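Data block below; observations after.
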Amino acid sequence: MAKAPRPGMVKTRLARSLSVEAVTDLYRCLLDDTLALARSLGTAEVAILCPASDVEALTQLTGGVVDVVAQKGDGLAAGLTSVFAHFTGDGRQSVVAFNSDSPHLRRSVLESAFETLTGHDLVIGPTHDGGYYLVGAKAAHRALFDGDGMGTGSALEALLARTRGLQLSVGFTDPFYDIDVEDDLMRLAAELRLSPARAPRTAAWLKQWEEAVAQLRTGTEDL
């Protein structure tokens with residue numbers, strides 16, 4: 001699930017500490033590396049689902065290497081509903097949706113998500129802040145993503161409440177973290193310093209960012 005990397009439209013919480021242009025450049029790197037991660041699964045079919053207004057831009061950006069599909073409706077809940085309505089409707093046995101900014105996610109987590117669906121109706125990847133970075137299902141479940149809590153610290157709790165109401169069995173992948181604020185970037189930068197091949201474009205961007213931050217701090221200390 002992705003958006004076109006337009007200034008002021010992506011990773012807006014990062015704009016509190018970075019320029020809008022820097023955030024947009026970072027998002028392009030995150031998207032590119034996340035797409036490479038998804039395609040590394042090999043046996044899985046990869047597609048991008050996005051707002052209808054972003055289809056053309058993302059098709060051009062990705063060079064047509066994957067299908068780009070417009071979601072129906074606006075917002076995250078509508079996007080998630082569209083994922084499963086569209087892709088499970090084509091007879092696929094398992095569908096896993098995850099963020100466009102997860103290049104740091106290990107491939108084994110995605111593999112585990114598909115494996116978990118062999119014995120459960122739903123698989124969820126919880127984040128440490130009360131949300132979730134991944135959700136998978138074998139069928140579309142009406143109203144699964146309806147209601148309050150999307151994009152908040154209660155998103156996971158709200159989703160689990162709806163799964164209980166629908167009597168769906170749920171399995172989990174390992175807890176993880178999203179890239180939302182500067183502290184998340186610092187954590188990701190530390191990880192990619194050790195393993196830059198996991199997300200090479202993002203690792204290169206973060207290295208330049210860290211160097212710029214260090215120079216700025218040095219200049220401040222010299223005043």
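The values are calculated or read from the model by the stated rules, or taken from the named source; none is laboratory data. Values in this document were obtained by computation on a predicted structure and should not be read as measured data. Using ideal geometry, Cβ is built from the backbone for each residue, glycine included, and neighbour counts are taken over all protein chains shown. Only protein heavy atoms, including side chains, enter the accessible area calculation; ligands, DNA and RNA are left aside. Shrake-Rupley method; radii C 1.70, N 1.55, O 1.52, S 1.80 Å.
Here are some notes:
- Close pairs (6 angstrom Cβ cut-off, 6 or more residues apart or separate chains): under 20 Å from Leu30 (Cα atoms) in segment 53-76, surrounded by fewer than 13 Cβ atoms within 10 Å (Cβ to Cβ) and at pLDDT below 95 anywhere: Leu76/Gly151
- Cross-chain or 6+ apart pairs with Cβ under 7 Å, segment 1-13 first and β-branched (Val, Ile, Thr), then surrounded by 13 or more Cβ atoms within 10 Å (Cβ to Cβ) and assigned to a loop (DSSP other than H, G, I, E, B): Val10/Lys3
- The set of residues in segment 17-71 being in contact with a Phe, Trp or Tyr (Cβ under 8 Å, 6 or more places away or on another chain) and open to solvent by 50 Å² or more (accessible area, probe 1.4 Å) consists of Asp25 alone.
- Segment 118-134, residues that are open to solvent by less than 10 Å² (accessible area, probe 1.4 Å) and more than 29 Å from Ala204 (Cα to Cα): Leu122, Val123, Ile124
- The single residue among Thr218, Thr202 that is at pLDDT 95 or above, hydroxyl-bearing (Ser, Thr, Tyr) and out of contact with any Gly (no Cβ under 8 Å at 6 or more places or on another chain) turns out to be Thr202.
- Extreme residue, farthest from Ser102 (Cα to Cα), among residues of segment 162-188 that are open to solvent by 50 Å² or more (accessible area, probe 1.4 Å) and of a type in the set (A, V, I, L, M, F, W, C): Leu166
- Annotation note: of Glu191, Glu111, Glu115, the sole residue that is in contact (Cβ under 8 Å) with a residue 24 or more places away in the chain, in a helix (DSSP H, G or I) and open to solvent by 70 Å² or more (accessible area, probe 1.4 Å) is Glu111.
- Checking the stated criteria, Asp129 turns out to be within 16 Å of the chain's Cα centre (by Cα) and either modelled with pLDDT of 95 or more or among the charged types (D, E, K, R) (or both).
- Scanning segment 45-61 for residues that are more than 16 Å from the chain's Cα centre (by Cα) and β-branched (Val, Ile, Thr) returns Val55, Thr59.
- Residue check, Ala36 closer than 16 Å to Asp178 by Cα and of a type in the set (Gly, Ala, Ser): no
- Restricting Ser102, Ser154 to residues that are farther than 19 Å from His86 by Cβ, buried (at least 21 other Cβ atoms within 10 Å of the Cβ), modelled with pLDDT under 95 and in contact with an Asp or Glu (Cβ under 9 Å, 6 or more places away or on another chain) narrows the list to Ser102.
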